[in-house]
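One structure is given below, encoded as structure tokens.
The values are calculated or read from the model by the stated rules, or taken from the named source; none is laboratory data. Remember, predicted model here, so these are calculated numbers, not experimental data. As a convention, Cβ positions derive from the backbone with ideal geometry for all residues, glycine included, and neighbour counts pool all protein chains shown. Just so you know, the surface numbers come from the protein's heavy atoms only, side chains and all, with ligands and any DNA or RNA stripped out. Shrake-Rupley method; radii C 1.70, N 1.55, O 1.52, S 1.80 Å.
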Amino acid sequence: METFLAQIITGLSIGSILLLVALGLAIIYGTTGVINLAHGEFVMLGAYSAWALQTFLGLGLIESLVLIFLITAAFGWVIEKVVIRHLYRRPLDTILATWGIGVMAQQAIRLSAGGELRYVEMPSALGSSVSVLGVETSAFRIFILLFTAALFGVTWYLMYRTSVGMKLRAITQDREVASCFGINSQRTYSLTFAYGTGLAGLAGALVSPLKSVSPEMGTTYVVDAFMVVVLGGVDSLVGTVVSAAILGELTGFLAFLSNDTIAKALVLLTIVILIRFRPQGLFAARTRT
Amino acid sequence: MNRLGRRRFLKGTVATAGVAAAGFPHIWIKDSSFAYAASGKVKVGVLFSLTGTTAIVEESLHKATIMAIEEINDAGGINGMQIEAVVEDPASDPATFAEKARKLVLGDKCVSVFGSYTSASRKAVLPVFEKRKNLYFYPTLYEGRECSKNVVYTGAVPNQQQDDFVPWLVEKFGKRWYLIGSNYIYPKEENNYCKKLLASLGAEVVNEEYVPLGHSEFSSVINKFRSEKPDVIFSTVVGDSVVALHRQYRAAGLDPDTMPMASLTTSENEVAAMGPDAAAGHFTSAPYFMVWDSPENQNFVEAYRKRWGGDKVTHFVSEPSYFQMYLFKQAVEKLAPGDINPANIREAIKGEEMVAPQGRVRIEPENLHTYLWPKIGQCQSDGQFQILKQTSEWLEPLPYKAYPNQVCKESGLKET
């Protein structure tokens, strides 16, 4: 029973990391339709920002979170202004463009910060384990879980309770008509892209004390993020959460019962089967196309 | 090209070949007659990934190799000939490794090539060196079970890393072992050998599992550690996964005093990336540690940091990358300039000895692997290892020890 409970918590933890990484992508992909293959590199830039702030300014991870969000969001904003905005009407070209941005970001980091793995210190207060319902769990993982829940709350609020969010949803439904009503879609898209990038940066910073930091780290995250978003349904925030939770629990349990190699294969298989019968994802919002 | 043109072209080629044959009388007899040192330089290839996933480690191997070449050249070269390094970046991709190896051997006419970290990349270049009868120097510890006349192996094979390590751990910690590795050939062969040792010691394997390469989510694995409660976790997880495993082990509050991880793959390089707090208390077996106290190692570490930066670490793959260049030098030194070719270098390097940073090493004449000095280290909170034990004498490389009916001889693999 205790093992079972431990596995539930583990699954939630894996799911929360998946959600954290996927949330930025869900926002960008779901609203602007840009297939952002550089998402993994935005995650990587967040991790490197954490490393740089810690190494050169002596800032701890928690203190630097706001700065990291701003740095990566600014980066995303510039990318949107310079490249992405010219491609909104050519969604397929965004694949190539963002892929290129990703490659350049990787190499830029390799040239400036070096190719070796980097070390980001875990906040010392969260470095130990805590007992949750009688199960020993990493305090930092619990922190990630709560932080992700909070981030999701903020994002949901922005989307459904603010005027920017309402405009964004209007543009998502029909850009032309929204523009006729006086909504500045360019500006809204810039903000959305920057926000999504900032979320990716936060994800990178938060996973860096548990995992490793290298220029190539983004490639695995971008795959995970797309799995979550595609399974959840492209423009459904709730779907993203549910799908992250399902994938987290599924991965956790399969890995516990067999091993991680099998788990990875079975999870992918499950997604393929689900997509076969529900191509729009589990929670597709009805939109006019 | 029309028919006439092609015929003319063919004629021309034959004529050129004829001239070449006249100039170098042995050209048709053997590939080896090409005058490798004709320019007064010894040309070698350096084939480590500077980009891609394994560049993280291979960059340090590249640096150690380049430093050895520079040192040798500064000290007057090999019998007065400078070593000329042709550097290629195979970008962590086995197919690119093979392509670049072909270029170095055929295009640049390198007399030997130094390279590779992963077994996959070594296997990819092997046909090039065997077909062209060139020589490859491979510095990485690996899974053994290879018997090539065209590779000099200066890293450890399973018997050299495990023969002392496994019995020592069984005695100190206990008989319930959990084997975890990355999912490819190296961990499987190491575990195969480990299981044989454990069986002979009456120890038991409670679980054996493999995670995908590059895997970074170990929470389910850690739950299994908790429920199985093994005495020793034997880890052959590689690359950035090592970092994730150690950090998550530590964050989960597990204790290295009662459930230590014993690794064949965790070096100073990985420790620097995971942070000393996550590494402290765990064990590694390797022929070389950065703290090893010898004048040769002191020189090596000092020179390395002076050349590449004061925060850089040396480790058990960068050290062989360094000393194998000196073994190469010693072998070439024995040859007259006209005799310098891969086949002669191979003959000359057999039984060659030198004092490396880890101790005196020797190339085993039959299988071209290396006699090494395995050590057991425990990681400390400063990120360096404390060496707890060293083998009493250098250990013979036995790449087929897990397969008692096979042995690697000078003439090739023998079934007995």
Here is a check on your reading of the model: is B:Leu169 assigned to a helix (DSSP H, G or I) and out of contact with any helix residue (DSSP H, G or I) (no Cβ under 9 Å at 6 or more places or on another chain)? yes
State the number of residues belonging to the range A:144-181 that are in a helix (DSSP H, G or I), surrounded by fewer than 17 Cβ atoms within 10 Å (Cβ to Cβ) and among the hydroxyl-bearing types (Ser, Thr, Tyr). 4
Within the range B:222-242, considering residues that are under 15 Å from B:Thr284 (Cβ atoms) and open to solvent by less than 20 Å² (accessible area, probe 1.4 Å), the one farthest from the other protein chains (Cβ to nearest Cβ): B:Val232
Out of B:Ala273, B:Ala278, report the one residue that is open to solvent by less than 10 Å² (accessible area, probe 1.4 Å), at the interface with chain A (Cβ under 9 Å from one of its Cβ atoms) and closer than 11 Å to B:Cys379 by Cα. B:Ala278
Kindly indicate whether any position in the range B:198-211 is open to solvent by less than 10 Å² (accessible area, probe 1.4 Å) and within 14 Å of another protein chain (Cβ to nearest Cβ). yes
Looking only at residues in the range A:122-140 that are open to solvent by 20 Å² or more (accessible area, probe 1.4 Å) and assigned to a helix (DSSP H, G or I), which one is farthest from the other protein chains (Cβ to nearest Cβ)? A:Ala125
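Check the range A:112-123 and report whether any residue there is basic (Lys, Arg) and either without any contact (Cβ under 8 Å) to a residue 24 or more places away in the chain or touching a Leu at 6+ places or on another chain (Cβ under 9 Å) (or both).
Pass one, the range A:112-123, residues basic (Lys, Arg): A:118.
Filter once more, so that each one left must be either without any contact (Cβ under 8 Å) to a residue 24 or more places away in the chain or touching a Leu at 6+ places or on another chain (Cβ under 9 Å) (or both): none.
Among the residues of the range A:112-123, not one is basic (Lys, Arg) and either without any contact (Cβ under 8 Å) to a residue 24 or more places away in the chain or touching a Leu at 6+ places or on another chain (Cβ under 9 Å) (or both), which makes the answer no.
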Take the residues of the range A:47-85 that are more than 13 Å from the chain's Cα centre (by Cα) and among the polar types (S, T, N, Q): which is nearest to A:Thr219 (Cα to Cα)? A:Ser49
Being under 13 Å from A:Ile142 (Cβ atoms) and open to solvent by less than 20 Å² (accessible area, probe 1.4 Å) is the requirement here; does A:Ile9 meet it? no
In the range B:121-150, anything surrounded by fewer than 24 Cβ atoms within 10 Å (Cβ to Cβ) and either assigned by TED's automatic domain parsing to the domain that holds B:Val237 or of a type in the set (Val, Ile, Thr) (or both) is listed as B:Val128, B:Thr140
For B:Phe300, indicate whether it is under 30 Å from A:Ala6 (Cβ atoms), among the aromatic types (Phe, Trp, Tyr) and either assigned to a helix (DSSP H, G or I) or touching a residue at least 12 places away in the same chain (Cβ under 8 Å) (or both). no
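Output the residues belonging to the range B:190-215 that are outside any helix (DSSP H, G or I) and either in contact with a Pro (Cβ under 8 Å, 6 or more places away or on another chain) or among the acidic types (Asp, Glu) (or both).
Once the filter is applied, which keeps residues that are outside any helix (DSSP H, G or I) and either in contact with a Pro (Cβ under 8 Å, 6 or more places away or on another chain) or among the acidic types (Asp, Glu) (or both), the range B:190-215 yields B:Leu201, B:Glu204, B:Val206, B:Asn207, B:Glu208, B:Glu209, B:Tyr210.
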Of all residues in the range A:141-173, how many are β-branched (Val, Ile, Thr) and within 14 Å of chain B (Cβ to nearest Cβ)? 2
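Among the residues that make up the range A:29-37, is at least one of them within 12 Å of chain B (Cβ to nearest Cβ) and outside any helix (DSSP H, G or I)?
The answer is no; no qualifying residue exists.
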Here are some conditions: (1) within 14 Å of chain B (Cβ to nearest Cβ); (2) more than 13 Å from A:Ile17 (Cα to Cα); (3) surrounded by fewer than 24 Cβ atoms within 10 Å (Cβ to Cβ). A:Ser214 meets all but one. Which one does it not meet? (3)
Output for the range B:348-402, where each listed residue is under 19 Å from B:Lys329 (Cβ atoms), without any contact (Cβ under 8 Å) to a residue 40 or more places away in the chain, of a type outside the set (Gly, Ala, Ser) and not in a loop (DSSP other than H, G, I, E, B): B:Glu353, B:Met354, B:Arg360, B:Arg362, B:Tyr371
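Can you pull out every residue in the range A:79-92 that is in a helix (DSSP H, G or I) and surrounded by 14 or more Cβ atoms within 10 Å (Cβ to Cβ)?
Step one: list which residues in the range A:79-92 are in a helix (DSSP H, G or I), which gives A:79-82, A:84-87, A:91-92.
Of everything in the range A:79-92, those that are in a helix (DSSP H, G or I) and surrounded by 14 or more Cβ atoms within 10 Å (Cβ to Cβ) turn out to be A:Ile79, A:Glu80, A:Lys81, A:Ile84, A:Arg85, A:Leu87.
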Of the numbered conditions (1) under 26 Å from A:Ile262 (Cα atoms); (2) over 28 Å from the mean Cα position of the chain (by Cα), B:Gly202 satisfies every one except a single condition; which is it? (1)
Tell me, yes or no, whether the range A:197-217 has at least one residue that is in a helix (DSSP H, G or I), of a type in the set (D, E, K, R) and under 21 Å from the mean Cα position of the chain (by Cα). no
Exactly one condition in (1) at pLDDT below 95; (2) open to solvent by 40 Å² or more (accessible area, probe 1.4 Å); (3) within 29 Å of B:Ala37 (Cβ to Cβ) is false for B:Val407; which is it? (3)
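So is A:Ala108 small (Gly, Ala, Ser) and either modelled with pLDDT under 90 or open to solvent by less than 30 Å² (accessible area, probe 1.4 Å) (or both) or not?
Criteria not met by A:Ala108.
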Considering only the range A:253-263, state which residues are modelled with pLDDT of 90 or more and under 22 Å from the mean Cα position of the chain (by Cα). A:Ala263
Residues (buried (at least 22 other Cβ atoms within 10 Å of the Cβ) and either on the phi > 0 side of the Ramachandran plot or more than 13 Å from the chain's Cα centre (by Cα) (or both)) located in the range A:32-46: A:Thr32, A:Val34
